[in-house]
Amino acid sequence: MPQLIHRLSAIIASFAALVMLAACGDSPWDDMPDSVATFVDTYFNEGEVESATKTSTGFVVTFKNGPQITFDSQNDWTDINGRGATLPQMLITDQCPTRVVDYLKDMELTTEVYRLQRSWHLYTVTLSDSYFTYNNQTDELTYPEMRQK
């Protein structure tokens, strides 16, 4: 009987160790550079990160049933795609140039942005049925065009 108890205890301990190892598996947060993790935590802290992937040109963070954010090799965002959901208003006001924010506020659209894209000189802001661009070199805002449905 004591041997049975000893074996049973060993089996239970081994099982508990396996469960703990499985629970300590790789988290997408572990793979993110600090600046990317800070950005994600600041603007998307309520979403569940599905994956964080290093690419040849930067980094991509994908949320489960939510946005996808692409970062360049300097860990600056280049594309924030809500994938059907609007982007947080705080993100818009913090990350867009003043001219873009002012336009969105004037048109009462700060809560209607579905995607932001930027390159070294151009921002593209996608709304539900239109988009506009902002050239930060010329300070030119190209007004929305209705998309064909």
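The values are calculated or read from the model by the stated rules, or taken from the named source; none is laboratory data. Everything quoted here is computed from the prediction, not taken from an experiment. Reconstructed Cβ throughout: ideal geometry from the backbone, glycine too, with neighbour counts over all protein chains shown.
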Study note, to complete from the structure: Thr98 fails exactly one of (1) at pLDDT 95 or above; (2) surrounded by 12 or more Cβ atoms within 10 Å (Cβ to Cβ); (3) among the polar types (S, T, N, Q), namely (2)
Check your understanding: Does region 110-119 contain at least one residue that is surrounded by 17 or more Cβ atoms within 10 Å (Cβ to Cβ), of a type in the set (Asp, Glu) and farther than 19 Å from Trp77 by Cα?
Key -> yes
Practice item. Take region 124-136 and flag every residue that is within 16 Å of Thr78 (Cβ to Cβ) and either of a type in the set (A, V, I, L, M) or in contact with a helix residue (DSSP H, G or I) (Cβ under 6 Å, 6 or more places away or on another chain) (or both). Key: Val125, Tyr134
**Study point:** Filtered residue count, region 56-79, keeping only those that are of a type in the set (Ser, Thr, Tyr) and within 17 Å of Asp30 (Cβ to Cβ)
**Key:** 1
